[in-house]
């Protein structure tokens, strides 16, 4: 069976799985380093119980979905898709609670994307028309939701002046684009550029919260462009951009719907 | 081609899909929490305290962890001298992207803080639309000089 012959749900599922898999592979070294550091420098605090501080829990929750991801990418059967959908969601939930990873937005995005995978795996293959009519909206709703969460917290004076992004990325960050800007511009010009960039981020994220009202094709294209823009301008955000792009592409594949496999 | 939102509503009016509707309901509940931020002082304070891991019971915090809050609020942190302690060789202060407590548990910050003379105090300050929450934690060496122990410092 060729790629085009597969049901749209299967193609959407595989594309989203591939996006999350790519992010996981890109960040595997960082997470192994994190697990080793957690073992070497444990932090005992007032909040996290013993189990949510364990390096083995961190490493297992991060690495274990690789097996189900690979299985789906090699041969996406209904059983493999269901097992993977559940496992990727559970592992993201664990990583959202672990002391060394709870703050990474990656797992917020992957957790919700995982729920979309669960819905596709259990609902989709037997009901191609239902998936075509409902899947695109679910994907767009998730994208709106993520951008709303990012935008609302930036409706502040500091983000309008660009101070947080300047301090976090442009003032000292190692990313090549930021280093080049520091070398090319004087201090005042760089701050002015970052202020306008930060305003553009606030306005774009706020506008993207309306993705759920757009046609499927436009929503998908805009999301991919904005996610690539975030990744390109700030560097290091591929862990959020990739799953987001995966959801956007999955929504579009579902919207295009029926083919011989359906 | 009709809008996906229209297709979704029509499909569910004809034959409700409990899985899809449950997902939509969860997103709407969390979106309501996000939209309450600019409107409610209580919501703002709770959100800022969530970032500083203060006054939140673990179970309630777990329920809200799927809430997207990337690069939210104006969060600053600073490592200051603890009574009886010394200053870090290089000053540590600046903005934090979101969950500010991450500065104590991120793997690279664990290593950097461990090089500071301990005990030390870490001060967090988060602000959003006129609401400010500040928390101070005491940082000291763990048992047998292994790792670190973090304890909240009571407000004066």
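Just the residues that are surrounded by 15 or more Cβ atoms within 10 Å (Cβ to Cβ) and either without any contact (Cβ under 8 Å) to a residue 24 or more places away in the chain or more than 13 Å from every other protein chain (Cβ to nearest Cβ) (or both), please, taken from segment A:186-196. I'd like the intermediate steps shown before the answer.
We begin by selecting, within segment A:186-196, every residue surrounded by 15 or more Cβ atoms within 10 Å (Cβ to Cβ); these are A:190-191, A:193-195.
Within segment A:186-196, A:190, A:191, A:193, A:195 meet the criteria.
Determine whether residue A:39 is in a helix (DSSP H, G or I), touching a residue at least 12 places away in the same chain (Cβ under 8 Å) and exposed (fewer than 15 other Cβ atoms within 10 Å of the Cβ).
Details: in a helix (DSSP H, G or I): yes; touching a residue at least 12 places away in the same chain (Cβ under 8 Å): yes; exposed (fewer than 15 other Cβ atoms within 10 Å of the Cβ): yes.
Yes, satisfied.
Quick grid of which residues meet (1) part of a helix (DSSP H, G or I); (2) surrounded by fewer than 20 Cβ atoms within 10 Å (Cβ to Cβ):
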residue	(1), (2)
A:2	no, yes
A:16	yes, no
A:29	yes, yes
A:47	no, yes
A:52	yes, yes
A:56	yes, yes
A:62	yes, no
A:72	yes, no
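If a residue counts only when it is more than 10 Å from chain A (Cβ to nearest Cβ), which helices (runs of 4 or more DSSP H) contained entirely in segment B:1-106 have at least 3 such residues?
On the way: elements: B:4-14, B:18-35, B:41-52, B:58-64.
Ranges flagged: B:18-35, B:41-52, B:58-64.
Could you tell me which numbered condition residue B:71 fails, if it satisfies all but one of (1) surrounded by fewer than 19 Cβ atoms within 10 Å (Cβ to Cβ); (2) closer than 29 Å to residue A:205 by Cα?
Result: residue B:71 fails condition (1) only.
Show the residue pairs that are 6+ apart or on different chains and have beta-carbon atoms under 8 Å apart, the first residue being within segment B:40-54 and in contact (Cβ under 8 Å) with a residue 12 or more places away in the chain, the second being part of a helix (DSSP H, G or I).
Matching pairs, first to second residue: B:50/B:61; B:50/B:64; B:51/B:100; B:51/B:101; B:52/B:100; B:52/B:101; B:53/B:61; B:53/B:101.
Under 7 Å by Cβ, and 6 or more places apart or on different chains, what pairs join a residue from segment A:1-14 that is without any contact (Cβ under 8 Å) to a residue 24 or more places away in the chain with one that is surrounded by 10 or more Cβ atoms within 10 Å (Cβ to Cβ)?
Pairs that qualify, where the first residue is without any contact (Cβ under 8 Å) to a residue 24 or more places away in the chain and the partner is surrounded by 10 or more Cβ atoms within 10 Å (Cβ to Cβ), are A:3/A:11.
Tell me which residues, restricted to segment A:4-14, are surrounded by 17 or more Cβ atoms within 10 Å (Cβ to Cβ) and assigned to a loop (DSSP other than H, G, I, E, B). Write out each step before concluding.
Just the residues of segment A:4-14 that are surrounded by 17 or more Cβ atoms within 10 Å (Cβ to Cβ), to begin with: A:6-14.
Answer for segment A:4-14, where residues must be surrounded by 17 or more Cβ atoms within 10 Å (Cβ to Cβ) and assigned to a loop (DSSP other than H, G, I, E, B): A:6, A:7.
Quick one: residue B:49 ticks every box in (1) buried (at least 21 other Cβ atoms within 10 Å of the Cβ); (2) touching a strand residue (DSSP E or B) at 6+ places or on another chain (Cβ under 6 Å); (3) at pLDDT 95 or above bar one, so which box is it?
Here residue B:49 meets the rest and fails (1).
Residues being in a loop (DSSP other than H, G, I, E, B) and over 17 Å from residue A:202 (Cβ atoms): count how many of those fall in segment A:226-241.
First pass over segment A:226-241, keeping only residues in a loop (DSSP other than H, G, I, E, B): A:235-237.
Restricting the remaining residues to those that are over 17 Å from residue A:202 (Cβ atoms) gives A:235-236.
So the count comes out to 2.
Only one of these is modelled with pLDDT of 95 or more and within 30 Å of residue A:252 (Cα to Cα): A:23, A:8. Name it. Steps first, please.
Working: A:8 fails: modelled with pLDDT of 95 or more.
Result of the check over A:23, A:8: A:23.
Please work out which one of (1) under 14 Å from the mean Cα position of the chain (by Cα); (2) in a strand (DSSP E or B); (3) at the interface with chain A (Cβ under 10 Å from one of its Cβ atoms) is the condition residue B:139 fails and give its number.
(1)
Within segment A:94-110, restricting attention to residues that are assigned to a helix (DSSP H, G or I) and farther than 13 Å from residue A:239 by Cα, which residue is nearest to the other protein chains (Cβ to nearest Cβ)? Write out each step before concluding.
Restricting attention to segment A:94-110, the residues satisfying the condition of being assigned to a helix (DSSP H, G or I) are A:94-97, A:105-110.
In the following step, the residues that additionally are farther than 13 Å from residue A:239 by Cα were identified as A:94-97.
Values: A:94: 11, A:95: 10, A:96: 4, A:97: 6 Å.
It comes out as A:96.
Find the residue count for segment B:94-145, including only residues that are closer than 23 Å to residue B:68 by Cβ and in contact with a strand residue (DSSP E or B) (Cβ under 9 Å, 6 or more places away or on another chain).
Here the count works out to 19.
Considering only segment A:214-255, state which residues are touching a residue at least 40 places away in the same chain (Cβ under 8 Å) and facing chain B (nearest Cβ under 10 Å).
A:214, A:216, A:219, A:234, A:240, A:251, A:254, A:255
Residue by residue, here is whether (1) touching a helix residue (DSSP H, G or I) at 6+ places or on another chain (Cβ under 8 Å); (2) within 12 Å of chain B (Cβ to nearest Cβ) holds:
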{"residue": "A:145", "(1), (2)": "yes, yes"}
{"residue": "A:151", "(1), (2)": "yes, yes"}
{"residue": "A:154", "(1), (2)": "yes, yes"}
{"residue": "A:157", "(1), (2)": "no, yes"}
{"residue": "A:179", "(1), (2)": "no, no"}
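May I ask you to list the residues in segment A:116-131 that are part of a helix (DSSP H, G or I) and more than 8 Å from every other protein chain (Cβ to nearest Cβ)? Steps first, please.
At the first step, the residues of segment A:116-131 found to be part of a helix (DSSP H, G or I) are A:116-123, A:128-131.
Correct list: A:117, A:120, A:121, A:128, A:129, A:131.
The values are calculated or read from the model by the stated rules, or taken from the named source; none is laboratory data. From a predicted model like this one, the values you see are computed outputs, not experimental measurements. Here Cβ is always computed from backbone atoms with ideal geometry, including for glycine, and neighbour counts include all displayed protein chains.
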